[in-house]
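Trainee: Once you've had a glance at the structure underneath, I'll fire off some questions.
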Amino acid sequence: MDMIKSGFIAIVGRPNVGKSTLLNALIGTKVSIMSPKPQTTRHRILGVLTENDYQMIFVDTPGMHKGKDLLNKKIDQVAVSSLGDVDIVLFVVDGIKGSAEEHIINYFTHLNKPVFLVINKIDELKNKAQIDEIILSYISAFSFEGVIPISAKNETYLKQLKESLLPHLEEGPMYFPKDMKSDQSEEKLMSELIREKILFHTEQEVPHAVAVVIESLEENDEENTIDVSALIIVERPTQKQILIGKNGEKMKKIGSEARKEINQLLHTKIHLTLWVKVKKDWRNRPSDLNAFGYGDDI
């Protein structure tokens, strides 16, 4: 087995600080869905960056938060458990330290591994003084290995971020093939891309009550397409009505946008059929969580 510098790097932080945007920017392609809604990421997602002399495996984790329902408690456990399985931690923030950040920093105390403070969204700040103010609010709380201001959205200072990580990678194996970008299956990526469009086009309680399951994938040789049938699960009939929209217009828009992006990312041509089903209180039922892909290994 070829030996190069390699290691696993967790990307952690509270919801909506830009962790998935950062992962996609580092890898150079979309492997994790994004939206302005908090708690977008529900799974642990690996993004693999391979260069001639190193392989960085980034672990995008769900936003750390004190969830109320069973689903969100499991999601938070995924993020916390990821800290013990990696070599380096990137703690991503986008503003002055608050109680949510203090909650996360407490997990770093006994890690005994380098933790970098990554100040994201500097493109939204007016001057360097604001960046300095954010840094000062954190440096007394923990002994960070380094502090790196970035803009994941504009890909600003990402080269510097990677250069800061290199000295902390050990010589080891190439864990994944050179051309592999993520551990997500095509089926899982499809379901997540559909959920991403739902997040963009719905408000209030609907986004967090949604799960998407790919029910079938069938090759259509005559049309050289793949027929994809996806089931969207919500918790209440009113959420189903909101999701479908007047005359089914919202569902058509969600399906059209999801289909186009799936075609683009997977370099294929699909025909997408969406169904909506009400499953009351599914986020608190272990059997439903397992059935919809949120078991112990999410």
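Trainee: Assigning unit charges at the beta carbon (Lys, Arg +1; Asp, Glu -1) and nothing else, what dipole magnitude in debye, to the nearest 20, does the chain show about its Cα centre?
Mentor: The calculation lands at about 1240 debye.
Trainee: Between 0 and 90 degrees, rounded to the nearest ten: what's the tilt of helix 249-266 against the longest Cα principal axis of the chain?
Mentor: Here the helix axis deviates by roughly 60 degrees.
Trainee: When the distances between all Cα atoms of region 186-291 are binned every 5 Å from zero, what whole-number percent does each bin get?
Mentor: Spelled out per bin, shortest first, that is 2, 12, 24, 24, 18, 12, 6, 2, 0.
Trainee: Another question, if that's okay. Expressed as a whole percent, how much of the Cα-Cα distance distribution for region 76-190 exceeds 20 Å?
Mentor: 53
Trainee: Also: Normalised by the residues of the chain, what does the relative contact order come to in percent, with Cα pairs under 8 Å and at least six apart?
Mentor: Reported as a whole number, the value is 19 percent.
Trainee: Moving on to the next point. Among Asn16, Gly47, Val31, pick out the residue whose Cα is farthest towards the positive end of the charge dipole of the chain, where Lys and Arg carry +1 and Asp and Glu carry -1 on C-beta, about the Cα centre.
Mentor: Farthest along the dipole direction, towards plus: Asn16.
Trainee: Oh, and also: Positive end of the charge dipole of the chain (Lys, Arg +1 and Asp, Glu -1 on Cβ, about the Cα centre): tell me which of Ile139, Gln239, Ile96 has its Cα farthest that way.
Mentor: Gln239
Trainee: Still on this structure, please answer the following. Taking only the alpha carbons of region 139-221, what extent do you get along each of the three principal axes, in Å, biggest first?
Mentor: 50, 38, 24
Trainee: Dipole size in debye (nearest 20) for region 186-291 around its Cα centre, Lys and Arg Cβ +1, Asp and Glu Cβ -1?
Mentor: Computed about the Cα centre, the dipole is about 680 debye.
Trainee: I've got another one for you. Which length gain, in nm to one decimal place, applies between Leu166 and Asn247 when the Cα-Cα distance is subtracted from 0.36 nm times their residue separation?
Mentor: Net length gain for the segment: 23.8 nm.
Trainee: Okay, moving on. Zone of Glu102 (label point 7 Å along Cα→Cβ, backbone N under 19 Å): which residues in region 137-170?
Mentor: Label zone hits: 137-144.
Trainee: Another one. Angle between the Cα long axis of helix 70-82 and the longest principal axis of the chain, 0 to 90 degrees, nearest 10?
Mentor: Computed tilt is about 40 degrees.
Trainee: OK, next. Suppose every K and R has +1 on its Cβ and every D and E has -1 on its Cβ; what is the size of the dipole of region 170-211 about the Cα centre, in Debye to the nearest 20?
Mentor: So the dipole magnitude of region 170-211 works out to roughly 160 debye.
Trainee: A further question on this structure: Quick check: net charge around Phe8, other residues with Cβ under 9 Å of its Cβ, Lys/Arg +1 and Asp/Glu -1?
Mentor: Surrounding charge for Phe8 is -2.
Rule-based calculations on the coordinates, nothing more; no lab input. In this text, all values refer to a predicted model and were calculated from it rather than measured experimentally. All Cβ positions, even for glycine, are placed from backbone atoms using ideal geometry, and neighbour counts span all protein chains on display.
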